[in-house]
Structure formats: C-alpha cells, structure tokens
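Scroll down for the structure; my scribbles are underneath it.
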Amino acid sequence: MFNKSFFLLLLSLISGSGLFSQIRISADFDSGSIGSYKLIDSVWFFRNSNDSLLTLSYEIESRFDPLNPVDTSLRPSARWYHFRMEGVKGKHIFLNIKNSEAIRPVYSYDGVNFQRFETVENIYRGSVNKIFERDTVYISHFVPYPYSRHKAKLKEWKAVDGVLHEVIGHSSLGLPIEMLTVTDNSVSDVGKKRVWIHGRSHPSETPASWHLEAMIEEILSDSPFAKELRRNTIFYLVPFINPDGVKGGYSRSSSTGVNIEINWDRPDSLTMPEVKTLKAALGRVTKEKPLDLLLNMHSQISSSVTYWIHTAESTTANFLKEQQLLSALTINYTPFYRPQDQSFSAMAPRYAEGWVWDRFGEKTLAITFETPYTYYNQDKDGPWVSIENLAQLGYSTLLAVSDLLDLDKENRIIADTDDNRVSKRNWEVSYDPSSIFFGDTFLVSKKEGSSLKYKLNLKKGVYTLYCWKVGPTAESYPAETNRWVKRAKVIQRRDGNFTYRIKSTNPGEKADAILLVKEFE
Ligand SMILES: [Zn+2]
C-alpha cells in the first residue's frame, strides 16, 4: 500500500530528473575554461512534504593546456577554471574540482563581481558546496581578469593626456599586443629613469593583473606622487603579453601550448610571436639607453608575495644587493610581504630577465614579482587576497620602485651618503655588497660620537624623516633591519637649506641614506 509521502517522493524524483537536465555548465566565454564535468550523485532532502532540497554532486575536471610543442617534457598545467552553471537556484551543489587547487575559490552571480566561497563552503580541499541564491553562477579559481577588462582599461588609459599607445605586435591568433608609454612630455627625457613593466604571460595568474592595474592607475593619476613619477620616469607598460592565453582560458600557455615565459632562448623558428614582439619592443626602447628596471608580473600558488631574486653566483654580488634593496623597500611598505618570503633562483637565458641580463648586465634590474591567489604571509587566519589588497600592494610596490630609483624628488626626498650633500667625520666608507644600502657605499662609524651631516635644499612643508637601517643581504633578515626607521618630524618654514645631523652611539654603527616624506593635510 502506498502512502502519501511515497507518492510525493515518486513525483519529486520524476520532476527531479527534469531538474538535473536544467543545470547547464559551460565555459564558452572570455577567459572561460573547463575540461569535463559529470553528475556523480543526487539526492532529495525532505524537511516536510512541502519543503525539499535537491543536492547535486558534480565532478569537475579542470582543462589541461595543450601539450607544449617546444618544451615537450613540460607537463601541461590545468590551474585555471572559470565556468558558468545555470539552473542552480535553491539547489545544494557539491563540486569536486580536479587537476587544480580549490582553496576558497570565487563565485559570482553576474560574471563581474566575485566573492570567495566561505571556509564552511570549502571544508575539503578541492571541493566546494553551496546552496546558490540565483539561477546563474560563475565559478573561478580567482577573480578573473579577462581580455575584455584589459581592452576596457586600455581604452581609458590611452585617453589620458600624454599617454602614447602602440600596437607593438600580434599574438599567434592575431590579437594585438599593446604598449603604453607614459611620461611627462613637458620635461626633457634626458636624465629620466626608464621602467618597463609587463604582465600576464601566464593566463591563470589574474592576481598579477589586478596588482598591475592598480600600479598603472596610480602612475596615470593626478596625485603629487604620480606627477613626480612621470616627471622623472619613462614607463613602458605592456599589461597583456599573452592575450590568446587569457581569452582562451589557458593556464600557463598561449593557445599553441607554449609557455611563453620560458621561450626567450629559442631559435627564431621556435620563438613565439608574443616573445618576438617583446624582444623587438625592448630592442627599440633600449636603443639609446638601457632600462633601469624591468618588472615581470606573476602570481604563485604559494601563499605569500615574493620577488624571484637572482643569486650572486649567477649574476654579481652587487646585482644581488640591488635586487634585495628593491625587495627590502617593498617589504618596508606592505604588511603582505616578509623577509622570510623572499625567493632566490639562478639567472637563466630562457626567461626575459636572462635575455636582458645577457645584453645589459647590472645596468637593468630585471626581476619577477609574484602575488598569491589565497592569503598572505602563509597565514590563512590573516587577510585573504582580494582586488582591494592587491591594489594596496600595487601602491606599495610603486613606493619601493620610487625609492630605489629616486623617482620623486619633491615629496620623497632621498639624500644618500654617496652624494656631496653629506659631510662626515670619523666614518669609514664601505663598499661591502653583503649589506643592503643605497648607491655604491654606506658608512661605518670608526668610534663613538662620529658625526654626520646631511645638508640639502628643502621646500617649505612638513616632512617625516627616516634613516635607512643597513642590514645583511641574507635570504631572510630581522624585520627591524633593511628598512626605513622613523627619526624625526621636520617643519621647514621656508624654501632653503635643511641640515640633519647624526652622531654614532658606538663604533661599527652603519649609516646610509635618509628619506624625507612630505606630509599632505
Ligand atoms: Zn607565472
């Protein structure tokens, strides 16, 4: 004999099978990617005869890049997934995501505004479960930065007064590779520093694009800092070097399967058009003068920020010191990067950095910067990576670059012990590159009470004065060294001379640059 609830169950099962087929999974859009998917299981939960919940469990396989035809021993990556599910409203969806990481990935109901799955929705590594509130949901490894966003931002940026926009070449599939040249055209280029930044050779590394976007926004802004950057720098900005890879939702390759990041030392016949394009543009802009800095923007699965610092053995002790100065300055300006997170590797010709090193050596500091996808400082109880904190990190990165190359001479005045604005008594000049310092030398006190006088021209205003605390070029170092230490507040009542004196408290004390940061009310 059938009772009422059995009939209801039967009805639900019949209609339920209809409901399953209403869930559609697709990735045929900009930056979309999925390998395969299948429904593993489904079950109805009944709270009462009128209230039931359908639970569906899917296995998702993230899509592998094509086999790399140039580096055939490389295992293709499948890190990137970004797909749409339709028909999910009010259903409890379990996803088991394979071939990639699913550590609190992100979802969106409109494909634009993404948020992370909560910890309780991602209890098991690789899986997510959630009862969705809308019918359509986009699920992705991290907040996408698709080709369309790149094009929209470029349109905005190239409309800014004085920005030069060029198509410097084309991808395998014929998409433009675009460069912005940014400088203050009312100032002569003689004496300007030259900074090249490119990004997104690896399409899955979207945090890198959010980080770089924030840097470009600041460089183009009306802030006093940005104006000074443009007065003293020519920026060459190539935000998207692998448009095919991004648009097609690849992980580490272009549409051809080639990882263009390691394609710089190949014969012409095996060099991808994207890399040829960059080589040609780099050749052109360095014709009269080498770059001072080249930043190569990436993201890494390790939950920390880092630079890939080239070892002294593969470069020089002095080059290591310069790289570590940039790294230490960045650590100085952000809570999201620590001394122990620094990474080291050998300079190698297969990378852009190696190609630049072979041509310009120490003259160009070429280095890769990595942002995480998950959280910072290996601390999952701390802040998780978001567009907002990547933007903060972008600003911090620019402050570090500015100090390294002395790009803001109005609001961030640096006086180094190398220059003639400093007079000294009883200090020994040291060239030791196993310490991190500005310029070619720093000073070591010969005895207690050695005096040092920084004398410079300073415009009227209120400043905070910092002294650089010289520390070691170790793989990690105490957080209180290799940083700016706040020393004084300076009120300069009129434009003119400013003098700052230091007296050493013991022999062996080290001294280097000072920094005066202008305060704005
Ligand atoms: Zn990368």
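The values are calculated or read from the model by the stated rules, or taken from the named source; none is laboratory data. In this text the structure is predicted, and so the values were computed from the model without any measurement. Virtual Cβ from ideal backbone geometry, glycine too; neighbours counted across all protein chains shown.
Tell me, please, whether a residue that is in contact with a Ser or Thr (Cβ under 6 Å, 6 or more places away or on another chain), at pLDDT 95 or above and at positive phi can be found in the range 378-396. Within the range 378-396, one or more residues are in contact with a Ser or Thr (Cβ under 6 Å, 6 or more places away or on another chain), at pLDDT 95 or above and at positive phi.
Report, by residue number, each residue of the range 352-409 that is within 16 Å of the ligand (Cβ to nearest atom), part of a helix (DSSP H, G or I) and of a type in the set (D, E, K, R).
At the first step, the residues of the range 352-409 found to be within 16 Å of the ligand (Cβ to nearest atom) are 352-354, 366-374, 385, 390.
Adding the requirement that they be part of a helix (DSSP H, G or I) leaves 352-354, 390.
Listed by number, the list holds a single entry, Glu353.
Go through the range 206-216 and count every residue that is away from the ligand (no atom under 16 Å from the Cβ) and either without any contact (Cβ under 8 Å) to a residue 60 or more places away in the chain or closer than 23 Å to Asn68 by Cβ (or both).
Initially, the range 206-216 is screened for residues away from the ligand (no atom under 16 Å from the Cβ), giving 213-216.
Narrowing the set further to residues that are either without any contact (Cβ under 8 Å) to a residue 60 or more places away in the chain or closer than 23 Å to Asn68 by Cβ (or both) leaves none.
Result for the range 206-216: 0.
Checked against the criterion of being surrounded by fewer than 13 Cβ atoms within 10 Å (Cβ to Cβ), modelled with pLDDT of 95 or more and within 20 Å of Leu399 (Cα to Cα), the candidates Lys460, Lys486, Lys469, Lys518 yield just one match: Lys486. Within the range 320-340, can one find any residue that is more than 20 Å from Gly439 (Cβ to Cβ), touching a residue at least 12 places away in the same chain (Cβ under 8 Å), more than 22 Å from the chain's Cα centre (by Cα) and more than 16 Å from the ligand (Cβ to nearest atom)? No, the range 320-340 has no match at all.
Only a single criterion out of (1) more than 21 Å from Ser303 (Cβ to Cβ); (2) touching a residue at least 24 places away in the same chain (Cβ under 8 Å) is not satisfied by Val112, namely (2). Looking across the range 354-371, just one residue is acidic (Asp, Glu), more than 16 Å from the chain's Cα centre (by Cα) and either more than 22 Å from Glu274 (Cα to Cα) or crowded, with 17+ Cβ neighbours inside 10 Å (or both), and that is Glu362.
Restricted to the range 54-70, and to residues there that are surrounded by fewer than 17 Cβ atoms within 10 Å (Cβ to Cβ) and of a type outside the set (Val, Ile, Thr), the residue that is farthest from His92 (Cα to Cα) is Pro69.
Can you work out which of the residues in the range 276-291 that are assigned to a helix (DSSP H, G or I) and touching a residue at least 60 places away in the same chain (Cβ under 8 Å) is farthest from Val70 (Cα to Cα)? Outline the logic, then answer.
Of the range 276-291, the ones assigned to a helix (DSSP H, G or I) are 276-285.
Right, trim to touching a residue at least 60 places away in the same chain (Cβ under 8 Å) and you get 276-282, 285.
Values: Lys276: 15, Thr277: 18, Leu278: 19, Lys279: 18, Ala280: 21, Ala281: 23, Leu282: 23, Val285: 28 Å.
Once the filter is applied, the top-ranked residue is Val285.
Leu293 satisfies every condition listed in (1) within 16 Å of the ligand (Cβ to nearest atom); (2) within 22 Å of Glu213 (Cα to Cα) except (1).
Just one of the numbered conditions (1) within 16 Å of the ligand (Cβ to nearest atom); (2) surrounded by 19 or more Cβ atoms within 10 Å (Cβ to Cβ); (3) of a type in the set (Val, Ile, Thr) is not true of Ile301: (2). Within the range 131-145, one or more residues are closer than 27 Å to Ser221 by Cα and not aromatic (Phe, Trp, Tyr). Look at the range 245-262: where a residue is closer than 17 Å to His198 by Cβ and a partner is of a type in the set (Asp, Glu) and near the ligand (Cβ under 10 Å from one of its atoms), sitting 6+ places away or on another chain with Cβ atoms under 9 Å, you get Arg252/Glu205; Arg252/Glu261.
Name the one entry in Arg284, Arg350, Arg338 that is surrounded by fewer than 21 Cβ atoms within 10 Å (Cβ to Cβ), more than 21 Å from Trp210 (Cα to Cα) and touching a helix residue (DSSP H, G or I) at 6+ places or on another chain (Cβ under 9 Å).
Arg350
Given the criteria closer than 30 Å to Val106 by Cα and crowded, with 20+ Cβ neighbours inside 10 Å, does Tyr333 qualify? Write out each step before concluding.
Details: closer than 30 Å to Val106 by Cα: yes; crowded, with 20+ Cβ neighbours inside 10 Å: yes.
So Tyr333 passes the test.
Applying the condition of being of a type in the set (Gly, Ala, Ser) and within 16 Å of the ligand (Cβ to nearest atom) to the range 182-205 and asking which residue is farthest from Thr256 (Cα to Cα) yields Gly199.
Looking at this structure, is Thr311 modelled with pLDDT of 95 or more, touching a strand residue (DSSP E or B) at 6+ places or on another chain (Cβ under 7 Å) and crowded, with 20+ Cβ neighbours inside 10 Å? Against the criterion (modelled with pLDDT of 95 or more, touching a strand residue (DSSP E or B) at 6+ places or on another chain (Cβ under 7 Å) and crowded, with 20+ Cβ neighbours inside 10 Å), Thr311 does not qualify. Quickly run through the range 220-264 and pick out the residues that are more than 16 Å from the ligand (Cβ to nearest atom), assigned to a loop (DSSP other than H, G, I, E, B) and polar (S, T, N, Q). Hits for the range 220-264 are Ser221, Ser223, Ser255, Thr256. Picking from residues in the range 265-280 that are surrounded by fewer than 20 Cβ atoms within 10 Å (Cβ to Cβ) and aliphatic (A, V, I, L, M), the one that is nearest to the ligand (Cβ to nearest atom) is Leu270. Restricting attention to the range 472-483, the residues being surrounded by fewer than 12 Cβ atoms within 10 Å (Cβ to Cβ) and farther than 19 Å from Ala312 by Cα number 1.
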